[in-house]
Structure formats: structure tokens, C-alpha cells
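Working notes for the structure below.
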Amino acid sequence: MKKAIRYLALLLGIVLVAAGGFAAFVALRGIPSYKAQKLDLHVDATPTRLERGQKLASMLCASCHLDPNTGKLTGRQMEEAPQFGAIYSKNITAHKTAGIGSWSDGDLIYLLRTGLKPDGTYLPPYMAKLVNISDEDLYSIVAFLRSGHPWVQPDNTRQPDTKPSFLTKFLCNIGAMKPFPFPTRPIPGPDTTNPVQWGKYIATAQLECFSCHSKDFSTNDYFTPEKSKGFFGGGNEMVGMDGHKLKTLNITMDAETGIGTWSEASFINAVKYGQVPNGQPALRLPMMPYTNLTDAEVKAIYAYLKTVPPVKNKVERSE
Ligand code: HEC
Ligand code: HEC
């Protein structure tokens, strides 16, 4: 008996030393780096792309990269996710050294799909990835970054280096956070004459409404969004701009716990202007007013949500 206890104690000791060793290793190693592929790709800046790119960047990049001090995409401190570290989004203006002026189009596209910078540095989920967006939409964003628009004119503002927390390093070292593979075939855009298909594309691939509106970021399936837990059923806890917590809401068509009783017009008001029916207070960040979406686009999202299986999940609107 005594012997058994001694062995157990020894074993426990070994486990603890190993765990301590792994923790030290994680802390020292930081986020692992990978090998980035070089893409030989050049994006032509057509007027259609520039217009679309500006609209997409306003909905997909500005929320994190727009700097209130410069009025440009020079980055800012991101206090929304303190558990992941002291995080700063970066200068993505056309400045050659402070921004992305010397990155190639291929470098940008590779990062936006996979999360890898040209030198193999991996950017964890606090930098967005666009895994399902169409090639054309992605090229449009890149064209916009090169456009000379006031948001992206060269600016030499530099943000401090991001200091990832131990949690982030740990999740990266065990592979829970890792680069996405680069797509092996072209990704076409949706058939915009079919509202359900168009809405599905916007809600699951382009603006990824599902990523916030499903159960939890950790159980989302970015490659097959429909497989995400509680798909569009809400309840994902997030941190708003002022640091206070709020939950995403159920936007399936369940009549009691979702938006099944909403009219299309109410849905448009909520998505574009943050106004909700029944005298409730306006929607707050991180749900942003998607003022740049056309009514036709929001109607398409509504048509698509009507085809999503209703989820029974009552989420109390956070205070
Ligand atoms: C959720 C917030 C968020 C969104 C949305 C976001 N980014 Fe980022 N981005 C970051 C953060 C944070 C970093 C820096 C990460 C780090 O330092 O580890 C970053 C880094 C980058 C970098 C690397 C810059 C460098 O010099 O290292 C590029 C390029 C970039 N983002 C482009 C974009 C574009 C284009 C979009 C829109 C399609 C976008 N980002 C959307 C948060 C975001
Ligand atoms: C960054 C996370 C995030 C994204 C992306 C997002 N939402 Fe939201 N959404 C929220 C949060 C959080 C709330 C609740 C806000 C509150 O309580 O004030 C919300 C609320 C809503 C509501 C109100 C529901 C109700 O019952 O009052 C609708 C409708 C909605 N979102 C639709 C959308 C659509 C459509 C998209 C994609 C175009 C989208 N959201 C993208 C976070 C997000």
C-alpha cells in the first residue's frame, strides 16, 4: 500500500514537472510560426472592385483597424478581448514601412485566407480571416487597400507590438488556434438572382453573421457553418466596446425565442439601423449598424434565415 502511494506521488511529481515544463516552453516559445506560401497574384483595380471593396472594408475591417486618432486604418488598441492579451490591430494604410505598402497582393490574400503573414507569423483569431468569402470579394478588398481612399493613404503611425496572453500562446501551441488551409479551388460568388442563396452567402461567408450569432466561437465550424452549435440561435457571450458583457440574440425564425414574429421591415431596421421593435433600446456594439447594406441584401438575409432550422433558445437581452 505504502509503496503504491509512493509510486503515485512520484508519478504526480513527474506529471507536475512535465506540466510546468510545458508551461515554461509555451511561455518562451510563444505563438508557433509556420511556412507561408508565396502567391503569384496581381489584383486589377477595376471601378466595380474599388466600390465593392470600400463597402466590404467598412463592414469587415474598419471595426478593428479604424483609428479614431488619425481617421485612417492605422490600427488601435483592442480592449474587447483582454483574455487574449494586450492586442493592437495594425496600420494597414499604404505606408511602405509602417503599413502594408510593400506587401504584394498575394501576401495580403494569403494572410486574409489563412492567418499567416509573409514571414510565417500566425495571427490568432483576434485578427479576422475570410475563409469562405468569394475570390472576387477578397480581390475587391485588396484593390480598396491600394486605392488612395482617405482611410488608406500612407500614414506612419505605428502601434505597439501585440503581447499575446499565456492563454493565447497555450491555445496556439496545442493547435486549438492554427492557420486555415489556403483554398484549393476558386470560390465563386453567389447567384444574386436567388435571394436565399444570396442571403446565405452574406450571412455565412461574406459577413459571417453566424459566427457571432451561434452558441460559441469555440464550437463554430468555419468551413461548414451549418454545423456550428446552435446555428443562429444566439447566446454567444461577447465583450462590448466599454468592456461590459453582452450576449448575441437568437435570430432564427422560432416564434417564441427568435425573430419568427418580426416583419421583413423590422428586420431591415434592426440590421441597418440597430432599431428593434416593441420599444426596446437600440442594438449595441459589437452588433454594428450595417448601414452600407442595400435593402435588397438585407431582404436576402431575411429570406435565407427563413430556411434555417429554428432553434429554441431563450436569450435574455443583456443589461
Ligand atoms: C476582429 C478585429 C479585426 C478585424 C475585423 C480585422 N483585423 Fe486585421 N488585424 C487585427 C489585429 C488585432 C491585428 C494584429 C495582430 C497581432 O499583432 O498579432 C491585425 C493585423 C492585420 C494585418 C497584418 C499587419 C501587419 O503589419 O502585421 C493585416 C494586413 C490586416 N490585419 C488586414 C485586415 C483587413 C484587410 C481586414 C478586413 C478584411 C482586417 N484586417 C480585419 C484585427 C482585426
Ligand atoms: C461581432 C458580432 C456580431 C455580428 C458579426 C453580427 N451580430 Fe447581430 N448581434 C450581435 C449582438 C451582440 C447583438 C445583441 C446586441 C444588444 O443586445 O444590444 C445582436 C443583435 C442582432 C439582432 C437583434 C435581434 C433581436 O432579437 O433583437 C439582429 C436582427 C441581428 N443581430 C442580425 C445580424 C445580422 C443579419 C448580421 C450579419 C449581417 C449580424 N447580426 C452580425 C452581434 C453580432
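Only the coordinates and a few stated rules stand behind these numbers; no lab work does. Everything numeric in this text was worked out from a predicted model, so none of it was measured. So basically every Cβ, Gly included, is an ideal-geometry build from the backbone, and we count neighbours across all protein chains shown.
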Return, ordered by residue number, the residues of the range 154-188 whose backbone nitrogen is under 20 Å from a label point located 7 Å along Cα→Cβ of residue 27.
162-175
What list of whole percents do you get for P(r) of the range 106-155, with Cα-Cα distances grouped in 10 Å bins up to the one holding the largest distance?
25, 46, 29, 0
What is the log10 of I(q)/I(0) for the range 119-239, computed with the Debye formula using one identical point scatterer on each Cα and no solvent, at q = 0.16, 0.19, 0.20, 0.23 Å⁻¹?
-1.04, -1.28, -1.32, -1.37
Sorted from largest down, what three extents in whole angstroms do the Cα atoms of the range 195-305 have along their principal axes?
34, 32, 29
Residue with peak Gaussian network fluctuation, the chain [Cα springs, cutoff 10 Å], from 97, 168, 193
193
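With +1 on the Cβ of every Lys and Arg and -1 on the Cβ of every Asp and Glu, and nothing else charged, how large is the dipole of the range 201-245 about its Cα centre, in debye rounded to the nearest 20? Can you show the working numbers first?
Working: 4 positive and 6 negative charges, 22 e Å.
For this selection, approximately 100 debye.
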Provide the FRET efficiency to the nearest 0.05 for the residue 244-residue 86 pair, computing r from the beta carbons and using R0 = 25 Å.
0.80
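Evaluated at 10 °C with a viscosity of 1.306 mPa s, what Stokes-Einstein diffusion coefficient in µm²/s does the range 1-60 have when Rh comes from the Kirkwood expression over alpha-carbon pairs? Display every interim value, and only then the final one.
Numbers: Rh = 17.4 Å.
For the chosen part, D equals 91 µm²/s.
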Simple spin-label model, 7 Å along Cα-to-Cβ: residue 184 to residue 48 in nm?
3.0
Two-site label geometry, residue 221 and residue 266: point separation in nm, points 7 Å out along Cα→Cβ:
3.1
Debye log10 I(q)/I(0) at q = 0.07, 0.10 Å⁻¹ for the chain, Cα point scatterers
-0.33, -0.64
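Given the pairs 129/272; 72/227; 96/200; 169/215; 178/299; 200/247, which span a C-alpha to C-alpha distance of over 32 angstrom in this model? Don't skip to the answer; put the middle values down first.
On the way: 129/272 23 Å; 72/227 37 Å; 96/200 38 Å; 169/215 24 Å; 178/299 35 Å; 200/247 23 Å.
72/227; 96/200; 178/299, as the Cα separations exceed 32 Å there.
So, R0 is 41 Å and r is the distance between the beta-carbons of residue 237 and residue 193; what FRET efficiency does that work out to, to 0.05?
Details: r = 38 Å, r/R0 = 0.93.
So the FRET efficiency works out to roughly 0.60.
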Near the amide H of residue 86, under 5 Å away, which other amide H atoms are found, from residues 5 or more places off or on another chain, if H is placed in the peptide plane?
163, 165
Can you give me the Cα centroid spacing of the range 228-303 and the range 78-106 in angstrom?
29
The range 31-125: GluC sites (Glu not before Pro) in DSSP coil with no more than 15 other Cβ atoms inside 10 Å
79
Mind giving me the FRET efficiency for residue 170 and residue 9? R0 is 25 Å, r the Cβ-Cβ distance, nearest 0.05 is fine.
0.40
Apply the membrane-span-like helix rule to the chain: whole DSSP H runs, Cα extent along the own long axis of at least 24 Å, mean Kyte-Doolittle hydropathy at least -1.0. List the helices found.
2-29
Could you give me the radius of gyration and the Dmax of the range 76-178, taking only the C-alpha atoms into account and expressing both in angstrom?
14.3, 41
